[in-house]
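The values are calculated or read from the model by the stated rules, or taken from the named source; none is laboratory data. For clarity, every value in this text was computed on a predicted model and none was experimentally measured. As a convention, Cβ positions derive from the backbone with ideal geometry for all residues, glycine included, and neighbour counts pool all protein chains shown. Heads up: the accessible areas ignore ligands, DNA and RNA and are worked out on the full protein's heavy atoms, side chains in. Shrake-Rupley method; radii C 1.70, N 1.55, O 1.52, S 1.80 Å.
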Amino acid sequence: MEENKQNEIKEIILKHALYNAIKFDGKANEKAIIGKIISEKQELKKDMKNIVKEIKNIVKQVNSLSIEEQTNKLKKIAPEMLLEKKKEKKHEISLPNAEKGKVIMRFAPSPSGPLHIGHAYVLLLNSELCKMYDGELIIRIEDTNPANIYPDSYKLIVEDAKWITKNNVSDVVIQSDRLETYYDYAEKLIEMGKAYVCTCNPDKFREYITKKHPCPCRELPVEEQQKRWEKMFVEYKPGEAVLRIKTDLNNPNPAMRDWPAFRIVEHTHPRTKDKYRVWPLMNFSVAIDDHELGITHTIRAKDHMDNEKKQRYLYNYFNWNMPTHLYVGRINFKDLKISSTETRLAIERKEYGGWDDIRLPFIRALKRRGYQPEAFVRYALDIGISQNDKTVTKQEFFKSLNAFNREIIDKIANRYFFISDPVEITIEN
């Protein structure tokens with residue numbers, strides 16, 4: 001009787017260990033299955049010391065098997081668990097207020113380097129939704145900060161985006177080509193009395209705005225504002241003048257009060273050189289472009305929620321319909337360095353061979369390692385559109401990506417075996 005009970009416990013441990021191993025790249029995690037085992041047989045909680053010892057032994061045996069052997073073994077003792085694996089919950093994504101054939105979305109990186117694994121998540125959510133709704137995906141390179149641009153990025157970003165989306169890119173737009181458009185809208189706002197050129201000392205302006213008082217520049221007549229706007233292009237020095245959008249000075253959030261739309265930057269731009277010195281800030285250029293390009297839906301990090309409120313002022317002033325904005329939480333890669341700026345410096349120091357160095361978490365490096373675009377798609381869809389922040393270790397990320405990639409490779413790969421440096425032997429009898 002006691003032997004039967006022990007065999008039953010071993011079988012429970014074995015099936016959960018096999019299922020966990022199949023699910024995670026062929027390697028079971030003993031800590032991950034303890035809860036499953038206790039959940040199935042509550043009385044085992046009383047004998048945890050012996051149970052943990054048995055789990056360790058069985059996990060060691062399971063991890064010595066190939067995934068094929070693990071699967072075959074689980075088929076024999078608990079085939080229903082394999083069916084359960086196939087039915088595992090998948091995140092479904094969809095767009096509110098969407099009409100098939102009329103969806104236009106955008107992915108908007110800054111050109112500080114090529115795309116990395118953090119970019120892939122949001123880019124692929126956009127791409128898959130555009131496929132689902134027969135929509136268009138625009139890559140918009142936001143390069144209105146001349147001081148933080150890596151010139152090769154323009155080419156690298158587009159190449160990476162086309163590869164990982166399997167050419168699901170409808171158009172590429174570069175903001176530095178659109179300065180005159182931004183100027184036109186700025187002049188309209190000045191004429192409407194909705195924007196003004198502020199020459200206040202930044203500390204003094206902050207003092208006004210904190211007390212919910214207008215600065216002296218705000219009440220100057222339109223004609224004076226137009227003259228000041230012209231002087232931003234030829235006379236004022238960087239930091240001496242900014243164009244501000246008039247907002248509600250009683251807004252409880254000080255950052256919403258009369259936010260800046262244009263500033264003077266004399267840093268040479270890699271594309272436009274020294275042609276322009278008045279550059280739009282992000283909230284202005286984004287709002288204008290989203291309207292001009294007919295963007296219907298966006299997906300962006302949830303820390304842009306306040307930016308949506310700022311941009312809404314422009315939509316209201318021009319009487320435009322605002323896109324439907326969806327937000328996602330951040331994926332914090334715990335032990336993976338995905339900073340383009342830091343990586344660029346490391347490449348310059350010859351610590352890496354280039355952006356496709358297989359040690360880097362950038363798209364072109366992972367492409368070189370043999371990862372397929374569909375593996376990244378599966379990863380993005382597995383997380384879905386969620387505002388929950390997620391912290392992921394390098395091991396966890398690659399365990400998921402490897403599992404997705406293996407399933408894809410197994411369907412398309414021709415497998416070959418070879419013997420390196422063969423030695424001929426003769427077998428007698």
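So if we plug the beta-carbon distance of W320 and N72 into 1/(1 + (r/R0)^6) with R0 = 56 Å, what FRET efficiency do we get, rounded to 0.05? Mind dumping the intermediate values first?
Values: r = 61 Å, r/R0 = 1.08.
Calculated transfer efficiency: 0.40.
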Problem set entry | Surface accessible to a 1.4 Å probe, per residue, for the residues of the range 317-401, Å² | 54
Seminar exercise, completed: Once the dipole of the range 53-149 is set up from charges on Cβ (+1 Lys and Arg, -1 Asp and Glu), the residue from the list I138, N97, P111 lying farthest towards its positive end is N97
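What does the convex hull of the Cα atoms of the chain come to per residue, in Å³, rounded to a whole number? Present the calculation step by step, with values, prior to reporting the outcome.
Values: hull volume 99.2 nm³, N = 429.
Taking the convex hull of the Cα positions in the chain, it is 231 Å³ per residue.
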Problem set entry | Where a label projected 7 Å from the Cα of H267 along Cα→Cβ would reach, residues of the range 328-358 with amide N under 13 Å | 341
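From the helices alone, meaning DSSP H stretches of at least four residues, give me the mean residue ellipticity at 222 nm for the chain, per-run term -39500 (n - 2.57), in deg cm²/dmol to the nearest 500.
On the way: 16 runs with 202 residues, N = 429.
My calculation for the chain gives -15000 deg cm²/dmol from helical runs alone.
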Seminar exercise, completed: With Cα springs under 10 Å, the Gaussian network model of the chain assigns the largest mean-square fluctuation among K60, K237, K337 to K60
For this session: Report P(r) for the range 234-336: all Cα-Cα distances, bin width 10 Å, range 0 to the bin holding the largest distance, values in whole percent.
Result: 12, 35, 32, 19, 2
Exercise. What aspartates and glutamates could a cross-link reach from K394, if we take a straight Cα to Cα line under 16 Å and drop same-chain neighbours fewer than 8 places away?
Worked result: D25, D335
Problem set entry | Interchain or long-range residues, amide H under 5 Å from V173's placed H | I139, R140, I141
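Pairs K23/K302; K45/K390; K15/K49; K56/K399: which are spaced more than 27 Å apart, C-alpha to C-alpha?
Flagged as over cut-off: K23/K302; K45/K390.
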Exercise. What is the distance, in nm, between label points placed 7 Å from the Cα along the Cα-to-Cβ direction at K390 and at I409?
Worked result: 2.2
Exercise. In the range 98-205, how many lysine pairs have Cα atoms under 22 Å apart, counting only pairs 8 or more places apart or on different chains?
Worked result: 9
Exercise. How many angstrom separate the Cα center of the range 27-86 from the Cα center of the range 210-262?
Worked result: 65
